[in-house]
Structures are given as structure tokens and as C-alpha cells.
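All of the numbers you see were taken from the coordinates with simple rules; none came from a lab. Given the structure is predicted, the values throughout are model-derived calculations rather than measurements. Glycine gets a Cβ as well: all are built from the backbone with ideal geometry, and neighbour counts include every protein chain shown.
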Amino acid sequence: MTETRQTETHGFQTEVKQLLHLMIHSLYSNKEIFLRELVSNASDAADKLRFKALSETNLLADDAELYVRVSADKDAGTITISDNGIGMTREDVMANLGTIAKSGTAEFFGQLSGDQAKDSQLIGQFGVGFYSAFIVADSVTVRTRVAGAAKEDGVEWQSRGEGEYDLKAITKERRGTDIILHLRDDAEEFLDESRLRSIINKYSEHLSIPVQMPKAADDSEEADKTESKWEAVNSGKALWTRDKSEISDEEYKDFYKSVAHDFDEPLLWSHNKVEGTSEYTSLLYVPKRAPWDLWNRDSQHGIKLYVKRVFIMDDAEQLMPSYLRFVRGLMDSNDLPLNVSREILQDNKVTRAMRNGSTKKVLSMLSKLAKDDEEKYLEFWKTFGAVLKEGPAEDSANGEKIAGLLRFASTHTDSAEQTVSLDQYLERKPEAQKSIYYIVADSYEAARDNPALEIFRKKGLEVLLLSERIDEWLMSHLTDYKDVEFQSVTRGDLDLGDLEDSADKEQQKATEEAFKEPLERFTKALGDKVKKVRVTHRLTDSPACIITDENDMSTQMAKLMEAAGQKVPETKYILELNPEHKLVQRVTEVTDEDKFGQWANLILDQATLAERGSLKDPAHFVTRLNKLMLELTESTS
Ligand SMILES: Nc1ncnc2c1ncn2[C@@H]1O[C@H](COP(=O)(O)OP(=O)(O)OP(=O)(O)O)[C@@H](O)[C@H]1O
């Protein structure tokens, strides 16, 4: 029947060639995934047609029972996966089966290390999709006809996966797509139908489209394949519509692997039927590993939207806030119209209710994990903590819940590992302590060694040590936790309140009084380089530190904005001096005002270096330092 016409040869996009090469060499121990990928594509194609046919009823024509069929031909050494779904036009075929259209593909290739084990994980996360056919096949033929097109408008794509593919127009009797795999010698195991059946069983049980295989032939050798009847391998009942108590952990895990295209099992999941003002079912998973493009702003949100069991769209970003973008799974609404579009979703009461409900669900699932299994929670935190930190800014309504999930490095544990929760902090803090103390710096070491921490260490007060890029942003949106305020140790006045006894306070007053004159000299020498010079209450071992005034922009925030190319108003710091420190005492003994000025500037620059990690005019600092060092060596020689 097939009428062949002229064949054209096209080259694959370079990335496709790379991906094919990598896949064949890295995924040979995980061969069976090709079937999961191709059956899931076929089922998606059927889902898409079902959706489109809602508005274009003639699309289904006389072929309304949607199916996916898988069969093997031992003699020919082929497996065929067919569907009567939406099909592809010639343009679709060229775009989908000749290029990789995912955003961030270049970054993905940049991450590959050449280590096969690691790379195979990455490829798994990237999503191998259609190209996985080449793990088992040395030649693949795709025959397709888009729904609604005439029989003569079919397309055949054929490739050996070696850099090019052939394209030709064909006549195809049935709508949809056939994928014919010519198996490699080392993949012949898949010609065994019982093997195929068990793999399909594992991955397609949840699909709402029936996946069919030829009925086992009866004993008569003559059983004619063309006459064979088909039978469904799966129940065709979508997993999430079943009762929780009937679904095994294994089924949940297998379902996850196929919706999330992940090789790994999920870390945890939650399956809920919500009834009441809005009715929907959600099945949400937290993966174990981060997707390769977690940090890509355009990366897909992993929530599929169904309406009354009909698949509507992938990547329904309205259903999950961005700080939970690592969550995978689906939501099935009973209230939305079947013809719902992304625009409708955007400002919709039903969507909002689903989003609020699912957000709460994910947060409480994480809180429960944190309570029940700390080790597993910390594993989650290591992978996704930095994303969750976007939460308080994006979702202030759930701010306290999110804050309860945060984990920090702290002076208490003295380790860069982020393991301390705010609840643990509050439990440990003395009654008289009125704030949660924290510091944000460029690195864990810079935070840990910042001189502003000295008094806290001396008094045994815990300080949270933050050093990720997002942290300043996070802290600017966290004002308090369980009614205890956050207080940066490098910002504003330090008032330890009841943590200081009256003797401490008197002593401070006396020191301030005695240091009045030197303070004035410092203030004069530094002029408008500083906002103010004052006696410190925070230092015990260092001579000086700089502090940001309460209402000024913090150093880290200024750096963040500078890095983003924004103009940042110049911040003047408050210089705090430690009159107990030998260096400060010696400098105040210098009577020559010019020399005193040199020293005062050096102390300011040093303190600025410790806090900011850089100076506006480093050359000037070096000249001054050299000059003073020279004088010192001259006086000692
Ligand atoms: N059986 C099919 N029928 C119709 N279109 C298909 C079929 N198989 C693949 N396609 C089209 O080819 C595209 C690419 O498929 P591929 O499996 O490589 O990626 P994907 O399914 O988009 O992504 P992923 O598999 O990572 O989720 C699909 O998005 C779909 O548009």
C-alpha cells in the first residue's frame, strides 16, 4: 500500500549527535528505559489528541478508541510501538526528531564529565526521550501521520543514529505514529514478548491509555500475526484515581520514574484527594536528586495538569510556587473546564485554591520528614535548600512554615554543614536573649572569623553563619521567627539587653568616657570616610570592625546588587574601635597628627577588608602600609 516518494537526507543538530553517542555508551546497563520513554511518548500523543478532540470533534473520526500497541517480530528482529494519537507533521518530525529544543542544553553538555557512571545519571535527569530508542536499536524508523491530515500526507523518518536521518513522504493508513526499532544484536532479549510485557507492566500500569500487546498466540504454529487480536497489558486506570490503600510503594515509585523521567526513586511523595469547595487530586513527589537545570530560570516546573482525568498540559507553573519548583507530579481538577488555557489558569480561583493546597501539602510533607527522619531531611536540604530559601520572599503567607524548614551553619556546631534549625536555636538560647543572631558573609570562613562575633563567642551566644548567595535576600525577608526577631551582628547598635549585667554596662560606660578624646581624634582623621566612629561592645580580640548602620544597605546586599549590574548608593560604615586592644592603645599614643592619621586610615582599611573582602582603593592601602612598615623597620634597625 505504501507509496514511496523522494527521500531527503538531513543532518542531526550537533547536540543530538553528542547525546546519541553519550547515551549509547552510558546507558547500556539501563537498556529497558527505551520502552518506558517510547510508550510514554505514545501515551502522551494519545492524551494530546484526546484533548484536542474536545474542540475539534471530527479529529477522532472513526478511530475513537485511543491505544498504544507494542509488538515484537522475532524474524525481522524488530519491536514496533504504535499509537493512534496526535501524530506529527513533517515540520514536527524535523523539530522533534532532529534537534534538541530544550532550554539550557548547552549547560547540560558543559556539565558532563566523561565519567560514565556520573554522566549516565545526568543524562537520566536531562531526559533521554525518543533518542533512547538508539540504546537498543541500530536503526529506527518512524512512520507518522498527524491527526486530521489525509492518508497521503504521512512522513517517514529513518536513521541509524549516526549523524543523519532520511525523510520521505508516505501514505499511512492510520492516524498516529509507528516507531519501528531494528534491534542491535545485544538487545535481542527484548524480542521476548513476556519480557516486554513485564517491563510495560511496570511502567504503564498508571497510564490512562490502554497499552496493548498481541494476545498470546495459541499453540497452532500457523497463528497469523496480522490476524492477532490485541489485549491490554495495563488496567488503563490512572494511578492517582485509585484508592491510596490499594497502591503499593513500588507502584508509586514506578509511576514517579515515568512521570519525572528519573532513574532514581523519589525521596517522598504525597497523594491526596481534596473535597469541599474545590475538588481535586494531587500526587506530588520530592525527587532525591536535583534536576540538571534546577537553576535555569526557564526550567520546567514538573506539575502536569489533568482535568477530570484528561491530560491538559505539562509544566503547569501556576500550580506550584517557584520556590517548590523541584516538586514533580500531577494535579487533577474536577472543577476546571476542559478547555482551560494557561491564560485562564493565571487568574483563577480554582487554580489559586489548588496552588495553596498543594503548597501547604508539600511544606507539611517536608516538616514531617524533618521531624521523623533528620538524616533524610538533611539530604533533601543539601539538594534543594537553596531553592527553598527563595520561599520567604515569594510566599510570605507561609513564611513561618518555610522558616521552620530552614537549616543553618552555626557557631554552636562549628561546622560549615547546614544542620541547625531555628527551633533548635530557640531551644538553646538563654531566656534573656531577645534576638536570633546571624551574620551573612561571602564564605563560611569569612562568616565564622568575622571579628563582630567575638563578644558572642565570649558570652557563649549562638550565631547563625550564612554564606550562600541567596542568604542576604532571604534574611531581608525574614523579620522574626515565633516572635523572636532576627538581628544581624554586623548591623546597627549592639544591645545585648539583659544578657549584659550591670557591671558590664558600667565598665562600658567608663571605657567610653575614657576614650572620648581618642575617638574625637579618629573622627577628625577619617573625616567623611566613615559615618561615625564609636567604642565597640562586640570585639574582644580585634582592634576594630566596621558596622552597617541600621537603615543602610548591608554589605552583602550591596554586593549582590553590584553583581547584578545595578547602581548601588555608596554606604558609609560605622567604625567601631576596641580600646582594650594594644594596637588601638599604641596608636592613640602617637602624637604626630599626620602619622596618627595614617594609622587611623590603616585600621579602617583593615576592618573594611575583614568585612567586605575588598577595598575601593587597594593601591592606596598598600602604599600606606608600606610606608608605615618602612618606618617601623627603620626604627628597629
Ligand atoms: N509517538 C509520538 N507521537 C507524537 N509525537 C511524538 C511521539 N514521540 C515523540 N513525539 C514528539 O517528539 C517530541 C520529543 O520527544 P522526546 O521524547 O525526545 O522528548 P519529550 O517527550 O518532549 O521530553 P522528555 O521525554 O524529556 O519528557 C515530543 O515532545 C513530541 O512532541
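Put simply, the Cα atoms of the stretch 425-496 extend 32, 27, 23 Å along their principal axes, the longest span coming first.
Pairs from the list Lys434/Lys582; Lys360/Lys434; Lys509/Lys582 with a Cα-Cα gap above 22 Å: Lys434/Lys582; Lys360/Lys434. Averaging the inverse of every distinct alpha carbon separation and then flipping it gives the Kirkwood radius. What is it for the chain, in angstrom units? By the Kirkwood definition, the hydrodynamic radius is 29.3 Å. Here the residues Ser396, Ser139, ranked from fewest to most Cβ neighbours within 10 Å of their Cβ, fall in the order Ser396, Ser139. Each Lys or Arg adds one and each Asp or Glu takes one away; over the other residues whose Cβ falls under 13 Å from the Cβ of Lys304, this sums to -3.
For Trp230, nonlocal amide neighbours, meaning residues 5 or more places apart or on other chains whose placed amide H falls under 5 Å from its own, are Lys215.
For the stretch 3-236, the relative contact order is 28 percent, taking Cα pairs closer than 8 Å that sit 6 or more residues apart in sequence and dividing their mean separation by the residue count. Taking all Cα-Cα distances within the stretch 424-563, those exceeding 17 Å account for 65%.
Divided by 2.2 N^0.38 Å, where N counts the residues, the Cα radius of gyration of the stretch 241-368 comes to 1.00. Percent of Cα pairs in the stretch 356-438 per distance bin of 5 Å, from zero to the largest separation: 3, 13, 24, 25, 19, 11, 4, 1. Here the Karplus curve 6.51 cos²θ - 1.76 cosθ + 1.60, taken at θ = phi - 60°, turns the phi angles of the stretch 252-261 into couplings of 4, 5, 5, 4, 4, 4, 7, 6, 9, 6 Hz, with x standing for Gly and Pro. What base-10 log of the normalised intensity I(q)/I(0) is obtained for the stretch 3-236 from the Debye formula, alpha carbons as equal point scatterers, at q = 0.14, 0.16 Å⁻¹? Debye intensities relative to I(0), on a log10 scale: -0.95, -1.23. For Lys371, list the aspartates and glutamates whose Cα falls under 18 Å from its own Cα; do not include residues on the same chain fewer than 8 positions away. Within the straight-line limit of under 18 Å, Lys371 reaches these aspartates and glutamates: Glu379, Glu400, Asp423, Glu427. Helix 593-612 and the long axis of the chain differ in direction by around 20°, with both axes built from C-alpha atoms. Pairs of Cα atoms in the stretch 505-636 fall into 10 Å distance bins, from 0 up to the last occupied one, in shares of 11, 40, 33, 13, 2 percent. In this simple spin-label model, placing a label point 7 Å from the Cα along the Cα-to-Cβ direction at both Ser396 and Arg309 gives a separation of 4.4 nm. Listed by chain and number, the lysines whose alpha-carbon sits under 22 Å from that of Lys52, ignoring those within fewer than 8 places in the same chain, are Lys151, Lys172, Lys237, Lys304, Lys308.
In this structure the amide hydrogen of Lys237, modeled in the peptide plane, comes within under 5 Å of no amide hydrogen from residues 5 or more places off or on another chain. In order along the stretch 322-331, the phi-based Karplus estimate (6.51 cos²θ - 1.76 cosθ + 1.60, θ = phi - 60°) of 3J(HN,Hα) comes to 5, 6, 10, 5, 7, 6, 10, x, 8, 9 Hz; Gly and Pro are listed as x.
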